[in-house]
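Novice: What follows is a single structure, and I will ask about it in a moment.
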Amino acid sequence: MHPMLNIAVRAARNAGKVILRACEDLSKVEAQQKGTNDFVTNVDKDAEAIIRDTILKAYPDHSIVGEELGVIEGKDADYQWVIDPLDGTTNFIKGIPHFAVSIALKVKGRVEQAVIYDPIRSELFTASRGQGAQLNSKRIRVTKSNEIAGSVLATGFPFKQKHHIDAYTEAFKALFVHTADIRRAGSAALDMAYVAAGRMDGFFEIGLKPWDTAAGELLVKEAGGMVMDFAGGASYNQSGNVICGAPKLCQLIVKEIRPVLTESLLR
């Protein structure tokens, strides 16, 4: 395992311990609303703090971008860690056991190492650029699905951007009539990890943040899949609009949804 991936795994497991301890008594979890339909808990912050401590102990000059605690500008700007300490906070607050820790390392702007860790199921998804993707050290691949018919897709509702609901609903309908089914589980990081592992054929969502997708992006690519925006391009980090899955399936999803999307979602 690459030394920096090893540190990411250690950080994710440390955060997982914090989250699991909190799961033992959710009545003690303090939740606050930081935006429209957007929650943060003391557990998110504690988990991110321990991730930061673990990383900076090993690499004190590296930069960090975290969902909850903001940016640390390190002396070595070439190395930037992108952290979501608890992706699926709403699930966590409600006691729904589906959430994950997501950690990615960008080197000169390109994701090189990725970890998504589900502490409930003890499932560790990892990837190093050029080395493939693994689940608990076993190689994983995206499905060979080359058509929407019969596929199972994952999605996320635009709950933070409800002004897109009409366009999203039309896109959902355009795909749903062809698929076997569409799932909405509440953690984009795990959705992308599940695509990488072949559990889902594809995934699409509006308005994600870099910490939601950075680790999943590398996992999917190293598992043989593609990641693209709603226009079929590579601007998903700017727009936050993400499609991923087997290459042919992604292209078919774009073909189905483009005609029903607003111009703002195709940028």
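The values are calculated or read from the model by the stated rules, or taken from the named source; none is laboratory data. Treat the numbers as computed from the prediction; the structure is a model and nothing was measured. Keep in mind that these areas ignore ligands, DNA and RNA; they rest on the heavy atoms of the full protein, side chains included. Shrake-Rupley method; radii C 1.70, N 1.55, O 1.52, S 1.80 Å.
Novice: Which of the helices in the chain meet the span-like rule: DSSP H, Cα axial reach of 20 Å or more, Kyte-Doolittle mean at least -1.0? Show your work: numbers first, answer last.
Specialist: On the way: long enough: 3-23 (30 Å, 0.57); 42-58 (25 Å, -0.21).
Those that pass (Cα extent of 20 Å or more, hydropathy at least -1.0) are 3-23, 42-58.
Novice: Starting from the eigenvalues of the Cα gyration tensor, five times each then square-rooted, give me the equivalent ellipsoid semi-axes of the chain, largest first, whole Å.
Specialist: Numbers: eigenvalues 161, 86, 62 Å².
Computed over the chain, the values are 28, 21, 18 Å.
Novice: Once the cut-off is 21 Å, how many percent of the Cα-Cα pairs in region 54-207 end up in the long-distance tail? Present the calculation step by step, with values, prior to reporting the outcome.
Specialist: Working: 6325 of 11781 pairs.
That tail contains 54 percent of the Cα-Cα pairs.
Novice: With an 8 Å cut-off on Cα pairs and a minimum separation of 6 or more residues, tell me the relative contact order of the chain in percent. Numbers along the way, then the final one.
Specialist: Working: 615 pairs, mean separation 42.9, N = 267.
Value for the chain: 16 percent.
Novice: Starting from 0 in steps of 5 Å, tell me what percent of the Cα-Cα pairs of region 152-265 lands in each bin.
Specialist: 2, 13, 26, 29, 21, 8, 1
Novice: Would you mind computing Rg(Cα) / (2.2 N^0.38 Å) for region 94-138, counting N as its residues?
Specialist: Details: Rg = 12.2 Å, N = 45, 2.2 N^0.38 = 9.3 Å.
After normalising by residue count via 2.2 N^0.38 Å, the value is 1.31.
Novice: So, one more: Using a 1.4 angstrom probe with every protein chain in place, what is the largest-first accessible-area order of Ile7, Ile96?
Specialist: Correct descending sequence by accessible area is Ile96, Ile7.
Novice: To continue, here is another question. Starting from the residue with the highest accessible area, list Arg141, Arg13, Arg52 in decreasing order, probe 1.4 Å. Walk me through the numbers before you get to the answer.
Specialist: Values: Arg141 130, Arg13 100, Arg52 20 Å².
Order by accessible area, largest first: Arg141, Arg13, Arg52.
Novice: Rounded, prolate or oblate: which fits region 1-120 when a ≥ b ≥ c are the square roots of the eigenvalues of the alpha-carbon gyration tensor, with rounded for a/c under 1.5 and prolate only if a/b beats b/c?
Specialist: On the way: a/c = 2.15, a/b = 1.69, b/c = 1.27.
Since a/c reaches 1.5 and a/b is larger than b/c, the shape of region 1-120 is classed as prolate.
Novice: If you roll a 1.4 Å probe over the chain with all protein chains in place, what percent of the accessible area is carbon or sulfur? Intermediate results must be reported in sequence, preceding the final value.
Specialist: Details: 5750 of 11820 Å².
Exposed carbon and sulfur together represent 49 percent of the surface.
Novice: Further question: How are the C-alpha pair distances of region 1-47 spread across 5 Å bins, as whole percents from the shortest bin up?
Specialist: Histogramming region 1-47 at 5 Å steps yields 5, 19, 21, 18, 15, 11, 7, 3 percent.
Novice: Let me ask something else. Quick one: order Trp81, Trp211 from most to least accessible surface, probe 1.4 Å. Working shown, then result.
Specialist: Values: Trp81 0, Trp211 55 Å².
If we order Trp81, Trp211 from most to least accessible, we get Trp211, Trp81.
Novice: What figure, in Å² to the nearest 10, do you get for the accessible area of Thr169 with a 1.4 Å probe and non-protein molecules left out?
Specialist: Taking all protein chains as shown, Thr169 has close to 60 Å².
Novice: For the chain, what proportion of DSSP beta bridges, expressed in % and rounded to the nearest 5, is antiparallel?
Specialist: Numbers: 40 of 52 bridges.
Around 75 percent antiparallel, to the nearest 5.
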